[in-house]
Amino acid sequence: MKNFEFNLIFLMVFLDLVLMFLMIFPSNLYKFHPLTLSMLLVLYTIINSFKIIILNSSYWYSYILFLVMIGGLMILFMYFTSLAMNQLFYFNLSYNLYMFIKIIIMIMILVLYLSYFDLMNYLLMNYLDIFNYMNMNMIYIEFKNLMMDYSMDLNLFMIIYLFFTMICSVMICLKFMLPMRQFKKMK
């Protein structure tokens, strides 16, 4: 059992390093194509879903998070293709060199971290505390219901907010008698 917990902790630390790399990757956002940023967001969502699956015994929360993020990204993809449909997707050589240096630095940090992994066990105690806390609370809380009592107010607020946003966007479209994509042409 101890080896299994150690492997889970190592996986969590590795996923943290990958998330750090994904956050460092788009350092100059103005040179990025929107589709590249959406792919980074998909990778970020997948890794966070894996982390939530590891921390919780239930997979429902991470599954719903993944579906909501993918649905939102599909809508963003539709907007980006309508606004930037003729923008070329190319790789800049100087930026590739810059990214190569970033990747080398991240690999060096990972190698240093893995070489001193046994000496840094005290840093991993935070994850052990999280695992112990989650195991103790699993006795009292079961994640079988999607709408739990203690989060019902937040869920209800989000439903009302999304409904209000939908009504506002429909009213704006009805006022101008145009779909939202054609508002750019009006200006």
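Derivation of every value follows stated rules applied to the coordinates shown; laboratory data play no part. It should be emphasised that the depicted structure is a prediction, and the values quoted were computed from it without experimental measurement. Neighbour counts are summed over all protein chains in view; Cβ atoms, including those assigned to glycine, are modelled from backbone coordinates with ideal geometry.
Mind giving me the FRET efficiency for LEU67 and PHE10? R0 is 35 Å, r the Cβ-Cβ distance, nearest 0.05 is fine.
Values: r = 28 Å, r/R0 = 0.81.
Efficiency computed from Cβ-Cβ geometry: 0.80.
Pull out the extension gain between LEU154 and PHE100, defined as 0.36 nm times the separation in residues minus the alpha carbon to alpha carbon distance; nm, one decimal. Working shown, then result.
Numbers: separation 54, 0.36 × 54 = 19.44 nm, distance 4.29 nm.
Answer, rounded to one decimal: 15.2 nm.
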